[in-house]
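Before any comments, here is the structure.
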Amino acid sequence: MNSTKTPWEAVNGVLLLDKPRGLTSQQALAAVRRRLRAAKAGHGGTLDPLADGLLILCFGAATKFAQRHLDADKRYTAVLQLGVRTSTDDAEGEVLSRQAVDVSPAQIAAVLPRFVGTVMQTPPVYSALKRDGKPLYAYARAGQPIDVAARMVQIHAIDVVGLQDGRLTLDVFCGKGTYIRALARDIGDALGCGAHLAALTRTASAGFTLQQAISLETVQSLECDALRQRLLPPDALLQTVPRWDLDAAQAQRFLHGGRIPVANGGSAACLGGELRVYGPLAAGHTAQLLGLGVCDAGVLAPRRLLSADELPAVPPPAAHSRIDSFHQDATS
C-alpha cells in the first residue's frame, strides 16, 4: 500500500496559542503547522520550555510582520522561589545555595522600584546570546567561565500578586530583551536571600492576551479546515500601524513595486511614517492588505509587499512601465 505525504499549502494568518510547559516554541509551532498543513510558519517571540502562555504563531503572509512582535512589549506572571539560587536562574539548574527566607511584604515593596524603568541587566550565563558566534550556554555547559556584559532593558511595571511559603508571584510588564530569569535572580539578591524563577506564564504580547489563545489540545482536536477558521488575518499584527487605501490602478502599481504620488502631501498619517496599505486587486473587488509602505515627500513607496501566493489573485502588471506611470501621475 502506497503512502503519500500530506502536501504543504499556502496558509495565511495568525494563531494565538496557549503553549504548554515542556515544549519549545519551535516544537509547538511545528505541531500547529502540521495540523494546518501550512507551507510557511514562524512565531512572534520565543517561550522557554519551562514557560507556558501566549505564543503568537504566524503563517504565510503573517510571517512578514512577525518581527514587530518579537520586539513588542510583553507581560508575564512570574513565580520566584525565594531562598534558592541555581546555576541557570530557573528551576532546571543545579542548586548553588539555600538560605532561610524571612522577607516581609514591606521589604518587597521597598526593593521592587529599583527594577522598574530603564535598568541594567546581566543576562543569565545559560542563555542563547552569542559570544564569538557561540551561545553563552555552550560556554557554561563546558565549564568555561565567561564575563557576560550587562545591557539596558526597559521594565514598565512590576506588581505583587502574592507571597506564600517562600514563593513570590509577580506581574511583570516589560520591553524586549528582558530576561525574567535574570530579574528573579536580581530581586532575590536585593532581598538578601537569593531566588530563582520557578514558573513563568506569558499573559500578553503586543495587544494580544492569553484569554484570546487556544490550547494545543484544542488545536489537535480540530480538523484542518476547522482550525483554519480560527486564524486571525495577517493584518491583525498591524492594527497599531496607520491605514492607507489605494484604488485598483494604484494597488496594481504598488504591488509591482511602483511608487504612488499622494495628492497635496496626503493626510497626517502619510508624513514620513510606516503605513499598512490596502486596495482592490481589480475594479469592483474588495480592498485587502497589500503590504507595508512608507510615505515621504508626498510619495508612497512599498516597503514589504505580499506575494502572489499570499493574495487571492494578482492581475498582470500594466503594459506601460512603472517609471512612465509614475511621471504621468506626478505631473498630472
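Looking at residue 75, is it within 14 Å of residue 231 (Cβ to Cβ) and at pLDDT 95 or above? Break it down into steps so the answer makes sense when it comes.
Working: within 14 Å of residue 231 (Cβ to Cβ): no; at pLDDT 95 or above: yes.
No.
Kindly list, by first and then second residue, each pair from a residue in region 200-217 that is farther than 20 Å from residue 71 by Cβ and at pLDDT 95 or above to a residue that is surrounded by 13 or more Cβ atoms within 10 Å (Cβ to Cβ) and of a type in the set (S, T, N, Q), limited to pairs with Cβ atoms under 6 Å and residues at least 6 apart or on different chains.
Listed pairs, sorted by first residue: 201/77.
Would you point out which residue out of 91, 62 is open to solvent by 20 Å² or more (accessible area, probe 1.4 Å) and among the small types (Gly, Ala, Ser)?
Values: 62 fails: open to solvent by 20 Å² or more (accessible area, probe 1.4 Å).
It is 91.
Taking the condition open to solvent by 60 Å² or more (accessible area, probe 1.4 Å) and more than 30 Å from residue 97 (Cβ to Cβ), does residue 252 pass?
Numbers: open to solvent by 60 Å² or more (accessible area, probe 1.4 Å): no; more than 30 Å from residue 97 (Cβ to Cβ): yes.
Considered against the rule, which asks whether it is open to solvent by 60 Å² or more (accessible area, probe 1.4 Å) and more than 30 Å from residue 97 (Cβ to Cβ), residue 252 comes out as no.
Does residue 48 fit the bill of being closer than 22 Å to residue 236 by Cα, in contact (Cβ under 8 Å) with a residue 24 or more places away in the chain and among the acidic types (Asp, Glu)?
Working: closer than 22 Å to residue 236 by Cα: no; in contact (Cβ under 8 Å) with a residue 24 or more places away in the chain: yes; among the acidic types (Asp, Glu): yes.
Judged against the criteria, residue 48 is not a match.
List pairs: first in region 56-84 and within 19 Å of residue 11 (Cβ to Cβ), second among the aromatic types (Phe, Trp, Tyr) and part of a strand (DSSP E or B), Cβ under 7 Å, 6+ apart or cross-chain?
56/208
The values are calculated or read from the model by the stated rules, or taken from the named source; none is laboratory data. Just so it is clear, the model here is predicted, and its values are computed rather than measured. Here the Cβ is made from the backbone with ideal geometry for all residues, glycine too, and neighbour counts use every protein chain on show. Ligands, DNA and RNA are excluded from the accessible area calculation, which covers all protein heavy atoms including side chains. Shrake-Rupley method; radii C 1.70, N 1.55, O 1.52, S 1.80 Å.
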